[in-house]
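A.B. asks: This structure is in structure tokens; I'll ask about it shortly.
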Amino acid sequence: MQSQFLIIGSSLVLALVIVIVILHFIRKAEAKYYKNMIKSLEVQRNQVASTPVLLELSKVEPIIKNDRMEEKYNQWRDKFTNIKEKRLSVIDDMLIDLDLYIEKRDYKSLGYRVAKTEIEIYKIRESAEHLLEEIKDVTSSEEKYRAIVIKLKTKYRSLNKEFNDHRELYDFMQNSVEMQLENIEKRFLDFERVMDNNDYNEVVHICKALDNMIDHMDILIKELPDVLLMIKTVIPNRMTEVQNTYNEMIEKGFVLDYLNIEYNIEESNKNLERILEKVKLINLEGCMFDLRTILEYYDSLFIDFEKERLSRKVYEEMSSDFSKRLEKTNKIVQDVYDQLDDIKSMYDLSDDDLAIIHDVNKVLVVINDDYKKMIQKEENKSCPYSLLNEEVENLTNRLNDMESDFDKALKSLGNMYDDEVRAREQLDEIKVFLKNCKNKMRSYKLPIITDNYFVQLDEANEAILEVVKELEKKPIVIKTLNMRVDTARDLVLKLYNTTNEMVKNAQLAEIAMVYANRYRVTYDEVEQMLIDAEKSFYKGKYRETFELVVNVLSSIDEDIYRKLTVLYETK
């Protein structure tokens with residue numbers, strides 16, 4: 001029992017020792033972490049202290065030549081003294097306090113103090129770097145601005161040479177351009193003066209002014225010759241060409257009032273004067289755009305002129321063709337309209353058929369009126385050919401639609417006439433067919449003609465009479481006529497089939513009885529069968545007679561049916 005207590009006690013002591021050791025190492029690591037952080041802050045503090053502000057200030061001293069520069073120099077020196085002697089001292093005190101917190105192992109407060117110290121060092125570093133940039137901006141100003149001015153001088157010389165090489169292109173603007181170039185040269189002299197006085201604030205404004213003036217001169221040198229050329233020569237010449245072409249076309253009968261040529265030429269002259277005034281004031285802003293717009297307008301007029309010429313040619317061709325078509329269509333429609341009463345008396349026309357013809361005539365009347373109005377416009381020269389061309393195209397399309405509707409009406413009338421002609425032709429064919437049936441029945445003298453033949457004959461004759469009645473009616477109802485013709489044709493065909501079947505069966509029965517006579521003496525049953533067959537034959541039962549003979553003879557000759565049909569076919 002005691003040994004167990006000893007083991008437990010030893011284990012607790014060992015665990016306690018381990019915990020203490022771990023805590024020791026944790027505290028040691030934490031202290032090391034913060035010490036390293038403090039060392040990093042000290043390095044940052046020293047970097048701020050070593051900022052080469054004094055070196056740059058020493059470069060400023062030789063170039064102090066005015067009160068403004070001396071004032072700036074004193075301000076920079078005071079700012080750096082404040083940073084180095086006051087603000088960095090505060091940082092030093094804060095770093096000492098951090099060491100004390102580490103010794104006290106007050107890590108909770110230490111973290112806050114470290115962050116605060118880091119922020120302060122950042123602020124001081126920003127102030128020192130900004131101060132250094134301000135000083136460097138002055139110490140490097142001469143080199144920087146001279147480099148800028150050298151580039152501007154190079155561009156200026158190029159522009160000056162371009163102007164002097166082509167002075168004649170600038171016409172009356174030569175003196176104005178020279179004055180602008182002289183102003184630029186004066187600004188270069190001003191630059192040298194302020195540079196000698198180290199007045200770098202003024203240098204900035206002079207460089208910006210030079211840059212703007214040379215950019216403006218660049219535009220002036222490059223665009224002014226073109227602007228003057230367009231104002232003085234190109235656009236006036238184009239306006240003259242337009243005016244001459246316009247006058248020629250007016251003399252040839254073209255209607256061009258809608259183009260407002262004379263008004264637009266007057267307005268263009270006013271715009272050219274306005275642009276010229278701007279040019280005289282060395283203001284080219286928007287001038288080239290306005291001039292190109294004017295020139296594009298006059299170029300577009302030549303397209304309109306050509307369109308009118310082409311429209312006139314097309315219109316004259318289409319108008320001539322349309323006139324001929326319209327005249328022809330008027331004659332055809334009038335002929336149909338004049339015969340409409342006769343057509344109505346001949347055929348039972350539907351309301352739709354009549355409506356189409358009336359509608360076509362109404363549309364045609366409107367087209368004729370519109371065509372006359374179009375011709376009147378042409379004669380009065382009140383409409384340009386481009387619009388006349390559109391009108392004749394529209395009339396042509398309307399006439400095409402009207403003719404299409406008219407063709408449907410004519411087709412309907414033509415179908416009625418064709419149906420009537422076809423019905424008469426079929427009636428003649430049916431009569432011939434019926435006559436053939438009668439002749440065939442007469443040519444083969446049957447002892448008895450069955451009743452169904454006479455019934456079908458009466459039906460066929462009655463159907464033919466109905467067709468004749470429909471053809472004699474005025475007006476003819478084509479639908480009823482076609483139905484009557486179909487009925488008559490079907491009934492005559494039925495009679496034809498009945499006639500053929502009856503004659504065929506009678507002939508087969510007769511051949512069979514004749515063939516059976518050869519067995520009459522030899523077979524008693526054949527004798528009796530022939531007696532019965534003759535009775536049946538004279539009663540008009542031709543099919544039954546043939547079947548009776550075949551049934552009896554088939555016991556004597558199995559191939560009897562084939563032999564009898566062969567005899568019938570070869571007869």
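A.B. asks: So which of 324, 313 ends up being modelled with pLDDT of 80 or more, assigned by TED's automatic domain parsing to the domain that holds residue 401 and exposed (fewer than 11 other Cβ atoms within 10 Å of the Cβ)?
C.D. replies: Details: 313 fails: exposed (fewer than 11 other Cβ atoms within 10 Å of the Cβ).
Exactly one residue qualifies, and that residue is 324.
A.B. asks: In the range 377-410, which residues are outside any helix (DSSP H, G or I) and at pLDDT below 85? Can you show your working first?
C.D. replies: Of the range 377-410, the ones outside any helix (DSSP H, G or I) are 381-384.
Matches in the range 377-410: 381, 382.
A.B. asks: Can we say residue 522 is modelled with pLDDT of 80 or more, more than 17 Å from residue 450 (Cα to Cα) and of a type in the set (Val, Ile, Thr)? Walk me through it before giving the result.
C.D. replies: Values: modelled with pLDDT of 80 or more: no; more than 17 Å from residue 450 (Cα to Cα): yes; of a type in the set (Val, Ile, Thr): yes.
Against the criterion (modelled with pLDDT of 80 or more, more than 17 Å from residue 450 (Cα to Cα) and of a type in the set (Val, Ile, Thr)), residue 522 does not qualify.
A.B. asks: Right, next: Might you let me know whether the range 470-493 holds any residue that is part of a helix (DSSP H, G or I), modelled with pLDDT of 80 or more and either hydroxyl-bearing (Ser, Thr, Tyr) or closer than 30 Å to residue 561 by Cα (or both)?
C.D. replies: The answer is yes, given that some residue of the range 470-493 is part of a helix (DSSP H, G or I), modelled with pLDDT of 80 or more and either hydroxyl-bearing (Ser, Thr, Tyr) or closer than 30 Å to residue 561 by Cα (or both).
A.B. asks: I'm checking my understanding of the structure. Among residues of the range 262-310 that are under 30 Å from residue 377 (Cα atoms) and hydroxyl-bearing (Ser, Thr, Tyr), which one is surrounded by the fewest Cβ atoms within 10 Å (Cβ to Cβ)?
C.D. replies: 263
A.B. asks: Within the range 292-320, can you find the residues that are free of Cβ contacts under 8 Å to residues at least 40 places away in the same chain and acidic (Asp, Glu)?
C.D. replies: Within the range 292-320, 296, 306, 316, 317 qualify.
A.B. asks: Condition test on residue 434, is it modelled with pLDDT of 75 or more, within 30 Å of residue 557 (Cα to Cα) and either surrounded by 18 or more Cβ atoms within 10 Å (Cβ to Cβ) or not hydroxyl-bearing (Ser, Thr, Tyr) (or both)? It would help to see each step written out before you state the result.
C.D. replies: Details: modelled with pLDDT of 75 or more: yes; within 30 Å of residue 557 (Cα to Cα): no; either surrounded by 18 or more Cβ atoms within 10 Å (Cβ to Cβ) or not hydroxyl-bearing (Ser, Thr, Tyr) (or both): yes.
No; evaluated as a whole, the condition is false for this residue.
A.B. asks: Something else: Can you tell me which residues in the range 327-376 are modelled with pLDDT of 70 or more and charged (D, E, K, R)?
C.D. replies: Hits for the range 327-376 are 327, 328, 331, 335, 359, 362, 369, 370, 372, 373.
The values are calculated or read from the model by the stated rules, or taken from the named source; none is laboratory data. Just so we're clear, the structure is a prediction, and the values are computed from it rather than from any experiment. Glycine also receives a Cβ, built like all others from the backbone with ideal geometry; neighbour counts cover every protein chain displayed.
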